[in-house]
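Just so you know, all these numbers are worked out from the coordinates, no wet-lab data involved. Model, not experiment: these values are computed from the prediction. FYI the Cβ positions are ideal-geometry reconstructions off the backbone, even for glycines, and counts take in every protein chain you see.
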Amino acid sequence: MNETGNFIRGLRWHIGDLDGTADRIANLLNDNKINHIITTNMEILSMAFKNKELRELCTNADMHIPDGIGAVRLLKKLGFSKTQRIPGIELCLEALKKMPEGTKIYLFGAREGVAIKALEKLSARFLQLTFAGWHEGFGYEGNKLVEEINNSGAQVLLVALGVPKQELWIAKNKCNLNNIRVAIGVGGSFDVWAGDVNRAPRFFQKTNLEWAWRILSQPARLPKFLKTLAGFLPIYLRAK
Ligand code: UDP
């Protein structure tokens, strides 16, 4: 064991399959407090090692789900042999499916017009849920938005601002989000649900190469990916 390994081991990992993980998230609606869930990948882990605020945020989060092959490999190396990769976008849909009649959902994030389109698609798909409100991810005013989310009565908050903005926003505001029981950062999921961006074809998903497809389809992502990889590799090698 070493400091790097200890930090990773100390996070509240949920190791399980998609179905069981989604069940656990849906059950959090019965909690009497907000739960900050992070779909943890190598990007957030490598940032956490460089940034104290993110490190504390990761430690304080209520649940980490291994999303991304880098996080899975790292956990396996540290002895979490049963670790499975749970893509955040799939987990969200599966958890929404399991939530009971009348559960209220709020969507925050993405470019103008995207959240409302995603909301329309999701409400047509999950007829038992109530989509209580939405706000785009640019030009928002923090306190006003928190008030709006509280007034909506939502219990589930999906935040699509990308890593680490979404995690920082949730951590900063969670003590004021009175009714929210589940808050989760969903990255670019609204773009996919809205139909503006295609998810990787199944071959890439099944072979854990979704990241490669994202780079091929959006080459502008390459520098960010290389930076993340350069930050993550030493963590992976160091961790024991
Ligand atoms: N976004 C946003 N506000 C910001 C920055 C980003 O709403 O200030 C949105 C962006 O439009 C996109 C999502 O956040 O819908 C980030 O998607 P991306 O795929 O880049 O996130 P990742 O999954 O890589 O973290």
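When you count, for each residue, the other Cβ atoms within 10 Å and take the mean per peptide, how do 87-93, 214-220, 119-125, 184-190 rank with the highest first? All intermediate terms of the calculation are to be shown ahead of the outcome.
On the way: 87-93: 20.0, 214-220: 12.3, 119-125: 14.9, 184-190: 24.7.
Top to bottom by mean Cβ count within 10 Å: 184-190, 87-93, 119-125, 214-220.
Between the alpha-carbon centers of the stretch 140-209 and the stretch 28-71, tell me the distance in whole angstrom.
13 Å
Counting other Cβ atoms within 10 Å of each Cβ, which trypsin sites (Lys or Arg not before Pro) in the stretch 69-102 have at most 14 and sit in a DSSP loop?
Numbers: sites: R73, K76, K77, K82, R85, K97, K98; in loops: K82, R85.
Here the trypsin sites (Lys or Arg not before Pro) that fit, given the DSSP loop and packing criteria, are K82.
Dividing the Cα convex hull volume of the chain by residue count, how many Å³ per residue is that? Each step should come with its number before you reach the end.
Details: hull volume 29.0 nm³, N = 240.
Per residue, the Cα convex hull of the chain comes to 121 Å³.
Given the DSSP H assignment, sum -39500 (n - 2.57) over each helix run of at least 4 residues in the chain and divide by its residue total; what's the result at 222 nm in deg cm²/dmol, nearest 500? Could the numbers behind the result be given before it?
On the way: 13 runs with 124 residues, N = 240.
Estimated from H runs of four or more residues: -15000 deg cm²/dmol.
Express the relative contact order of the stretch 31-110 as a whole percentage, based on alpha carbon pairs under 8 Å and six or more residues apart in sequence. Mind dumping the intermediate values first?
Details: 65 pairs, mean separation 21.8, N = 80.
Worked out over the stretch 31-110, it gives 27 percent.
Magnitude of the Cβ-charge dipole of the chain, K/R +1 and D/E -1, about the Cα centre, nearest 20 debye? Let's see the in-between values first.
Details: 33 positive and 23 negative charges, 190 e Å.
My answer is approximately 920 debye.
Scan the chain and note any complete DSSP helix (H) whose C-alpha atoms cover at least 18 Å along its axis and whose Kyte-Doolittle average is 0.5 or more.
Within the chain the helices that satisfy the rule are 222-238.
Determine the relative contact order of the chain: mean sequence separation of Cα pairs under 8 Å and six or more apart, normalised by residue count, in whole percent.
On the way: 392 pairs, mean separation 60.9, N = 240.
This gives 25 percent for the chain.
Students often forget the sequence filter, so: which aspartates and glutamates lie under 17 Å Cα-Cα from K98 once same-chain residues fewer than 8 apart are removed?
Partners found: D17, D19, D23, D31, E90.
Which one of I170, L157, L226 is farthest out on the positive end of the charge dipole of the stretch 142-230, using unit charges on Cβ (Lys, Arg +1; Asp, Glu -1) and the Cα centre as origin?
L226
Could you tell me whether the stretch 95-201 comes out rounded, prolate or oblate from its Cα gyration tensor? Rule is a ≥ b ≥ c as square roots of the eigenvalues, rounded for a/c under 1.5, then prolate if a/b exceeds b/c, otherwise oblate. Write out the running numbers ahead of the final one.
On the way: a/c = 1.62, a/b = 1.12, b/c = 1.45.
Verdict is oblate for the stretch 95-201.
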